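**Student:** Before we start, here is the structure in question, set down as structure tokens.
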Amino acid sequence: MSFPTQASVTTPVLEIGYEAAGEPSADGVPVILLHGFPYDVRAFDDVADELAASGRYVLAPYLRGYGPTRFRDAQTRRSGQQAAIGQDLLDFMDALEIDRAVVAGYDWGGRAACIAAALWPERITGLVTCGGYAIQDIGKSGEPAPAEIELKLWYQYYFHSERGRRGLTRNRDELCALLWRDWSPTWTASAAAYPATAPSLHNPDFVDVAIHSYRHRYGLAEGDPRYQPLETALAALPKITVPTIILVSEADGVSGTAGIDHGPHFTGPCEIRSLPDIGHNVPQEAPTAFAKAVLSLPLR
């Protein structure tokens with residue numbers, strides 16, 4: 001199934017499209033679900049059904065560069081840097097007058113959720129993060145990883161070149177569908193599920209935002225000055241103090257078992273749950289496990 005409600009909200013930089021399920025509750029907090037690259041809110045259709053059936057109010061925004069989300073000003077830099085994604089989440093909450101929320105995400109969305117939990121813990125009652133602590137250590141991004149890991153990051157190095165930009169522009173469906181398959185090697189439904197998400201990747205800002213993200217994280221592109229104070233704060237790799245559940249994908253074709261040893265980054269209550277035979281797209285591959293993790297977190 002899919003979310004029954006589609007809407008949008010205006011923030012200082014974006015008109016953010018989002019989908020919602022369930023009803024707001026006076027005795028609970030909303031759950032905000034955050035997708036990654038190159039996915040969209042369709043990853044959460046089954047998760048939202050389970051959470052709404054349990055009485056939770058669920059919102060799933062489209063990240064900048066995806067689906068119906070649009071920049072308000074044509075002159076705004078199409079930044080994909082981590083501080084921008086984190087600020088977008090806070091702006092989304094402010095625009096909807098959400099004081100506190102549970103946040104749950106993976107890939108880029110997991111990074112936004114980790115940033116919010118680290119920098120604004122008074123606004124976040126709990127965190128579910130696939131792959132653990134997702135805040136980028138940009139200062140050390142030039143240090144090489146083991147060769148086997150570097151091989152899996154080929155797409156990031158591809159995007160560092162203008163050839164890669166052209167490739168993502170011209171061949172985005174073939175390229176992104178390939179990433180889905182490679183990153184979720186045990187997920188047999190990947191090919192059938194991809195077409196529902198594909199239209200979101202044809203957002204007019206998708207390529208610019210994605211390319212900037214994969215260049216900025218390696219120090220190859222300047223960030224938007226408006227986010228520099230946040231980038232400075234993130235460079236310190238702040239600890240996360242809110243109640244957290246880390247989901248570790250044992251069959252993740254790009255990140256491996258990321259998160260399994262990230263406990264030291266979390267100084268509040270933290271539980272690590274491993275998911276055998278699950279790849280990168282955790283909420284779509286294992287919706288019940290993802291929903292159970294959310295339901296394990298405090299309502300207040």
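**Student:** Output the residues belonging to region 130-151 that are more than 22 Å from His265 (Cβ to Cβ) and charged (D, E, K, R).
**Tutor:** Glu148, Glu150 - these are the residues of region 130-151 that are more than 22 Å from His265 (Cβ to Cβ) and charged (D, E, K, R).
**Student:** A follow-up question, please. If we only count helices (runs of 4 or more DSSP H) wholly inside region 34-123, which ones have 3 or more residues that are in contact with a strand residue (DSSP E or B) (Cβ under 7 Å, 6 or more places away or on another chain), closer than 16 Å to Val282 by Cβ and of a type outside the set (Phe, Trp, Tyr)? Reasoning before the result, please.
**Tutor:** Details: elements: 45-53, 82-95, 108-119.
It comes to 45-53, 108-119.
**Student:** Is it true that some residue in region 83-92 is at pLDDT 95 or above, open to solvent by 20 Å² or more (accessible area, probe 1.4 Å) and on the phi > 0 side of the Ramachandran plot?
**Tutor:** There is no residue in region 83-92 that is at pLDDT 95 or above, open to solvent by 20 Å² or more (accessible area, probe 1.4 Å) and on the phi > 0 side of the Ramachandran plot.
**Student:** Condition test on Gly223, is it in contact with a helix residue (DSSP H, G or I) (Cβ under 6 Å, 6 or more places away or on another chain), farther than 27 Å from Arg300 by Cβ and open to solvent by less than 40 Å² (accessible area, probe 1.4 Å)? Break it down into steps so the answer makes sense when it comes.
**Tutor:** On the way: in contact with a helix residue (DSSP H, G or I) (Cβ under 6 Å, 6 or more places away or on another chain): yes; farther than 27 Å from Arg300 by Cβ: yes; open to solvent by less than 40 Å² (accessible area, probe 1.4 Å): yes.
Yes, satisfied.
**Student:** Oh, and also: Quick check on my filter: what residues within region 241-260 are within 16 Å of Val128 (Cα to Cα) and either surrounded by 22 or more Cβ atoms within 10 Å (Cβ to Cβ) or in contact (Cβ under 8 Å) with a residue 60 or more places away in the chain (or both)? Full working, then the answer.
**Tutor:** Here is the first cut: in region 241-260, the residues within 16 Å of Val128 (Cα to Cα) are 241-249, 257-260.
If the condition is that a residue be within 16 Å of Val128 (Cα to Cα) and either surrounded by 22 or more Cβ atoms within 10 Å (Cβ to Cβ) or in contact (Cβ under 8 Å) with a residue 60 or more places away in the chain (or both), then Thr241, Val242, Pro243, Thr244, Ile245, Ile246, Leu247, Val248, Ser249, Ala258, Gly259, Ile260 are the ones that fit.
**Student:** When residues of region 165-213 are filtered for being among the β-branched types (Val, Ile, Thr), open to solvent by less than 60 Å² (accessible area, probe 1.4 Å) and within 20 Å of Cys130 (Cβ to Cβ), how many remain?
**Tutor:** Of the residues in region 165-213, the ones among the β-branched types (Val, Ile, Thr) are 169, 186, 188, 197, 207, 209, 211.
Of the ones still in play, those that are also open to solvent by less than 60 Å² (accessible area, probe 1.4 Å) are 197, 207, 209, 211.
From what is left, the residues that are within 20 Å of Cys130 (Cβ to Cβ) are 197.
Matching residues across region 165-213 total 1.
**Student:** For region 199-225, which residues satisfy the criterion of being farther than 22 Å from Tyr158 by Cα and touching a residue at least 12 places away in the same chain (Cβ under 8 Å)? Don't jump to the end; show me each part of the working.
**Tutor:** Here is the first cut: in region 199-225, the ones farther than 22 Å from Tyr158 by Cα are 199, 224-225.
Those that are farther than 22 Å from Tyr158 by Cα and touching a residue at least 12 places away in the same chain (Cβ under 8 Å): Pro199, Asp224.
**Student:** Quick one: count up the residues across region 104-118 that are touching a Pro at 6+ places or on another chain (Cβ under 7 Å) and aromatic (Phe, Trp, Tyr).
**Tutor:** Step one: of region 104-118, the residues touching a Pro at 6+ places or on another chain (Cβ under 7 Å) are 106, 118.
With the extra rule that they be aromatic (Phe, Trp, Tyr), the set shrinks to 106.
Total satisfying the criteria: 1.
**Student:** Please go through region 45-74 and give me each residue that is crowded, with 21+ Cβ neighbours inside 10 Å and either farther than 20 Å from Ala210 by Cβ or in contact with a Cys (Cβ under 7 Å, 6 or more places away or on another chain) (or both), ordered by number. Talk me through it step by step, then tell me what you get.
**Tutor:** Residues of region 45-74 that are crowded, with 21+ Cβ neighbours inside 10 Å, as a first pass: 47-48, 51, 56, 58-67, 69.
Answer for region 45-74, where residues must be crowded, with 21+ Cβ neighbours inside 10 Å and either farther than 20 Å from Ala210 by Cβ or in contact with a Cys (Cβ under 7 Å, 6 or more places away or on another chain) (or both): Val47, Ala48, Leu51, Arg56, Val58, Leu59.
**Student:** Kindly indicate the residue of region 1-35 that is in contact with an Asp or Glu (Cβ under 7 Å, 6 or more places away or on another chain) and open to solvent by 20 Å² or more (accessible area, probe 1.4 Å) and also farthest from Pro68 (Cα to Cα) among those meeting that condition.
**Tutor:** In this case the residue turns out to be Met1.
**Student:** Of the residues Gly126, Gly109, which is open to solvent by less than 40 Å² (accessible area, probe 1.4 Å) and under 17 Å from Ser255 (Cβ atoms)? Write out each step before concluding.
**Tutor:** Values: Gly126 fails: under 17 Å from Ser255 (Cβ atoms).
Step by step, each of Gly126, Gly109 is checked, and only Gly109 is open to solvent by less than 40 Å² (accessible area, probe 1.4 Å) and under 17 Å from Ser255 (Cβ atoms).
The values are calculated or read from the model by the stated rules, or taken from the named source; none is laboratory data. Not measured: the values here are computed from a predicted model. Counting neighbours? That spans all protein chains shown, and the Cβs are built from the backbone with ideal geometry, glycine included. Side chains are part of the model used for accessible areas, which takes the heavy atoms of the whole protein and leaves out ligands, DNA and RNA. Shrake-Rupley method; radii C 1.70, N 1.55, O 1.52, S 1.80 Å.
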